[in-house]
Ligand SMILES: [Zn+2]
């Protein structure tokens, strides 16, 4: 991925950003965001604006749209150049970047920086989700809470504490991660998540021996468990090292960078960490993020 200097050189003007956004958003040519019509025409007097007659109630009044309509950049007073810079910063910070840091960097108010970060996180939602294959590790973890003596490395399978949020995740070794916030780590929820996230053709689902995973064989998955309770961490291919690493990065990011993340916004932070992980070796991660946003 390019350096910040290269980014600023590549996108020196608003127009250069808009050209890039147009290309990434509509790689096969501009289509109407409302009806999908590809026979739109550019408005001669307004660059990066188009009009569609197909979905207009009266042909005399075509539907007009800009390059940013329907994206996270829509209706923003902040120049695209600045958005690009913030996105770059976010994609390049393994543990995330705080709104305070962004505020200093772009010289805008804290609320603006905060809002931009959240909009970008919302844009990073995986839109082309594919079920995980190969060997997949599944685990749940607890995040947040007001307890001053939090032990992030410790697992609390019995109780997550009333003010902690429960997150479940699955990671394919050498592949993608999927995670989401859940209300309760009960068998029904865990089964539902596994069926949603993992292909039945998977080679192996590796978990610890938490009771919630006991149904996986019955559901048709090849399941292996290690007993963390008895300090058993690896049996052959069965271990949960990869998801453990992902949790520790996520927690270090959330505790170290954001300090306090409420349940309301936790899913957005999950988007961010998942997007970075799943595109960690994609040289075009920036372009992909722009296309998704
Ligand atoms: Zn249309």
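Taken together, the values in this text are just the output of simple stated rules run on the coordinates, not laboratory data. No experiment lies behind these values; they were computed from the predicted model shown. No Cβ is skipped: glycine too gets one built from the backbone with ideal geometry, and neighbour counts run over all protein chains shown.
Would you mind calculating the gained length between residue 109 and residue 76 on full extension (0.36 nm times residue separation, minus the Cα-Cα distance), in nm to one decimal?
10.5 nm
Do you know the relative contact order of the chain, to the nearest whole percent, from alpha carbon pairs under 8 angstrom that are 6+ apart?
20
Between residue 41 and residue 259, what length in nm is gained on full extension when 0.36 nm per residue of separation is reduced by their alpha carbon distance?
73.7 nm
Which value at 222 nm does the chain reach when only helices count, each DSSP H run of 4 or more adding -39,500 (n - 2.57), with the total divided by all residues and rounded to the nearest 500 deg cm²/dmol?
-10000 deg cm²/dmol
Relative to the longest principal Cα axis of the chain, at what angle does helix 14-25 sit, 0 to 90 degrees, rounded to 10?
60
If R0 is 22 Å, what FRET efficiency do you get for residue 51 and residue 28 from their C-beta distance, rounded to 0.05?
Rounded to the nearest 0.05, the efficiency is 0.70.
Sticking with the crude label model, points 7 Å out along Cα→Cβ, report the distance from residue 174 to residue 196 in nm, one decimal please.
Inter-label distance under the simple model: 2.9 nm.
Over the range 1-143, what per residue volume does the convex hull of the Cα atoms give, in whole Å³?
Spelled out: Cα convex hull of the range 1-143, divided by residues, is 188 Å³.
What FRET efficiency comes out for the pair residue 14/residue 183, r = Cβ-Cβ distance, R0 = 35 Å, nearest 0.05?
With a Förster radius of 35 Å, E is 0.20.
Would you please give the FRET efficiency between residue 231 and residue 100, computed as 1/(1 + (r/R0)^6) with r the Cβ-Cβ distance and R0 = 45 Å, to the nearest 0.05?
0.65
Rounded, prolate or oblate for the range 1-80? Axes are the square roots of the Cα gyration tensor eigenvalues, ordered a ≥ b ≥ c, and the cut-off for rounded is a/c under 1.5.
prolate
Radius of gyration and Dmax for the chain's Cα atoms, expressed in Å?
22.1, 74
Would you mind computing the Rg to Rh ratio of the range 157-293 from its alpha-carbon coordinates, Kirkwood style for Rh?
0.97
For the range 29-97 and the range 176-213, what is the centre-to-centre distance using only Cα atoms, to the nearest Å?
The range 29-97 and the range 176-213 have Cα centres spaced 37 Å from each other.
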